[in-house]
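For reference, the structure discussed in these notes is given below.
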Amino acid sequence: VTTTPSVDTLNVDRRGLETLFEVAKDGGHIQPHKIPKIETPQIKDQETGGTLSIEQYRSFGKVALHHWIPAMSTERQQHRRWMCYYYFRTLMWTGIRPGEMMRNVKWRDMQTVNAQGLRYMLMFVSGKDHEYHAFGGPALIAMLNRWRARTKYNKLDDYIFADSDGSQHGNIADLLNSLRSMAKQKGYDFDKLSDGNKITPYSFRHAFAT
């Protein structure tokens, strides 16, 4: 049965192709004027639930690194917050769906590929009825390598975003609510999107698609 992909799916795929062309351009493998313009339908707010602004994404990093993570005193608590930090940055840079797909991914699912002088990452993700390869460039590779060096769950069969006991992580939205609350206390704009809806895990994914 042939189905028409959603606007959101088309835009996530578009952003992946654009990233690939950017890497190729930086490596001198394609001239800027030869990069095709990929036209896809515009994403409406009701389809995405809104997206983060650049300033809100910066606020996310500042609050997480300078306030939210250091506020925890135990190894277990800090692990969960570091995991959350890298989790949301990965959503932002890959467009992977939060929830089941992010819970399932293991280190063995991440493959670094070198082709004609280009270095990029393929991450195999799967859910109940969908599977595909997410794409990332050198910055994503470097970020996930930093996380792998920090977490003790870094073997091939470990979950990339494992909870503090090595199991699949639980409700990531609760952690985001905690971070959003601290951001408000510290005076950062990290509570609601421009459409008035609260920031959710999907807000990070949709930032990739747009």
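Which pairs in the list Lys152/Lys184; Lys62/Lys186; Lys62/Lys106; Lys62/Lys192; Lys152/Lys186 are over 20 Å apart, alpha-carbon to alpha-carbon? Display every interim value, and only then the final one.
Numbers: Lys152/Lys184 31 Å; Lys62/Lys186 10 Å; Lys62/Lys106 28 Å; Lys62/Lys192 17 Å; Lys152/Lys186 31 Å.
Too far apart for the 20 Å limit: Lys152/Lys184; Lys62/Lys106; Lys152/Lys186.
For Ser53, what accessible surface area do you get with a 1.4 Å probe? Give it in Å², rounded to 10.
Accessible area, nearest 10 Å²: 50 Å².
For region 93-185, give the percent of accessible area contributed by carbon and sulfur heavy atoms, probe 1.4 Å, rounded to a whole number.
Working: 2110 of 4710 Å².
Accessible surface attributable to carbon and sulfur in region 93-185 totals 45 percent.
With +1 on each Lys and Arg Cβ and -1 on each Asp and Glu Cβ, how big is the dipole of region 104-170 about its Cα centre, in debye rounded to the nearest 20?
340 debye
Could you pull the accessible area for His29 with a 1.4 Å probe, rounded to 10 Å²?
Looks like 90 Å² after rounding.
Give me the accessible area of Lys184, 1.4 Å probe, in Å² rounded to the nearest 10.
Only protein atoms counted, so the area is about 150 Å².
Please enumerate, by chain and number, the lysines with C-alpha under 20 Å from the C-alpha of Lys25, excluding those fewer than 8 residues away in the same chain.
Candidates past the 8-residue exclusion: Lys34, Lys37.
The values are calculated or read from the model by the stated rules, or taken from the named source; none is laboratory data. In this text the structure is predicted, and so the values were computed from the model without any measurement. Counting neighbours? That spans all protein chains shown, and the Cβs are built from the backbone with ideal geometry, glycine included. For accessibility, only protein heavy atoms count, side chains too; no ligands or nucleic acids. Shrake-Rupley method; radii C 1.70, N 1.55, O 1.52, S 1.80 Å.
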